[in-house]
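Undergrad: This is the structure, below, for whatever I ask next.
Read-outs: derived from the displayed coordinates by stated rules, not from any lab. Quick caveat: nothing in here was measured; it's all calculated off a predicted structure. Every residue, glycine as well, gets a Cβ built from its backbone with ideal geometry; the counts of neighbours run over all protein chains shown.
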Amino acid sequence: MISKRSVIHFRVINIWFGFVLFLILISNLSHQAMPILSWLNLSLFFLVLLQCVFIFGKELYRKAIFVNIGLLSLVYSLSFINPFVGNGYAFGNDYLANYIFQYRTMALSFLLALAITYICVLYIFDKITTLKAYSISFVVILPIFVWHFYPYLANRDYLLSLPDNTFLYESVLLFTFYSFFMVCLYGYFLYKNEKSLGEHINSLMVCFFIMTLADITDTFARVYNIKLFSLSQYILLPVLSVFIITLFRKLNYIYSDFGQFYDTLITEGNKWGVPIKRKKSAYALSFLSLVRAYLHQKRNVFGLATLSLVFCVSYFDVSPFLKLHLIALVAGMIVLFFYLSALYHKRLSNGDLLSLHRHTH
């Protein structure tokens with residue numbers, strides 16, 4: 001029997017596959033050239049978003065942490081629009097491309113700082129409410145954010161008046177140093193106090209530490225015109241992998257009976273000052289067992305095969321019309337194969353097939 005936790009993971013994976021299929025299909029439209037690694041990172045951010053959505057639906061202890069991470073991942077994953085906006089591309093409008101780039105860049109900087117600062121505030125101040133934690137976070141972030149990005153906030157056409165994007169990148173670089181400082185501040189208090197917001201939070205903060213370092217390096221290279229060959233994208237891939245594994249473990253925990261019971265104890269224990277310690281082994285779900293359970297369902301196998309087919313065909317150097325014909329032809333063969341397989345197993349279970357055995361004397 002498939003567990004409830006496995007079903008949740010299946011939903012996340014299938015929705016993510018749908019998003020990946022969408023990216024593959026729209027990549028056939030005219031767009032600015034972008035490395036496949038960038039497309040992969042975009043899709044992984046969407047996977048992080050989905051995990052945060054399902055965590056939010058069940059989390060009892062620190063919901064807002066995953067709201068902030070989810071908003072950051074949402075803006076990152078919506079960046080798939082960027083390559084298609086501009087003259088000569090699918091949505092030809094240079095002014096719109098400029099606005100999308102400008103506000104997306106500022107939004108990513110702000111949401112990254114918010115996600116990190118909110119966790120720091122929760123760690124520094126014991127038993128603080130969500131409203132107070134957000135209030136302190138905004139009081140700290142907004143003055144610094146407005147100081148660095150005021151010209152762009154006051155005049156939406158300010159970036160158009162500049163010769164290039166260097167000045168915007170300088171503002172991003174300086175503001176990212178703030179996010180990096182807050183991650184280091186969290187590490188300092190963690191070293192001094194050794195208290196825990198939850199066993200998964202420290203792993204997420206390590207990811208934020210590497211992510212801010214990569215952003216600083218990448219932005220510094222843009223400001224001073226240094227070629228790093230998309231170094232930040234290569235760094236982002238393993239960071240996102242750790243993020244996904246961490247949230248995978250979090251989903252395992254909160255969707256288990258054990259996790260719900262202990263989260264209730266933690267919530268109640270915080271009201272009375274009673275320390276509650278979690279155990280790890282009681283809710284463990286191995287990745288291999290999840291893969292086996294996923295591939296056991298034929299509709300999942302069919303969806304995975306369809307996604308692989310579309311991915312392969314999309315990279316043929318032929319017209320989109322011919323690609324559609326190839327996809328329809330192979331997809332029809334896959335459907336026919338699964339139909340005949342299901343029909344065979346049904347006939348076999350009903351005893352309608354003749355069974356021959358060799359008899360030896």
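Undergrad: Taking the condition of being within 27 Å of Asn93 (Cβ to Cβ), in contact (Cβ under 8 Å) with a residue 60 or more places away in the chain and within 14 Å of the chain's Cα centre (by Cα), how many residues in region 13-39 meet it?
TA: The number of residues fulfilling the criteria is 2.
Undergrad: If you don't mind, there's one more thing I want to ask. Quick check on this structure: which one of Glu170, Glu194 is without any contact (Cβ under 8 Å) to a residue 60 or more places away in the chain, surrounded by fewer than 18 Cβ atoms within 10 Å (Cβ to Cβ) and touching a helix residue (DSSP H, G or I) at 6+ places or on another chain (Cβ under 7 Å)?
TA: The unique qualifying residue is Glu170.
Undergrad: Is there a residue in region 182-191 that is crowded, with 16+ Cβ neighbours inside 10 Å, among the hydroxyl-bearing types (Ser, Thr, Tyr), within 19 Å of Thr219 (Cβ to Cβ) and within 24 Å of the chain's Cα centre (by Cα)?
TA: Within region 182-191, none of the residues are crowded, with 16+ Cβ neighbours inside 10 Å, among the hydroxyl-bearing types (Ser, Thr, Tyr), within 19 Å of Thr219 (Cβ to Cβ) and within 24 Å of the chain's Cα centre (by Cα).
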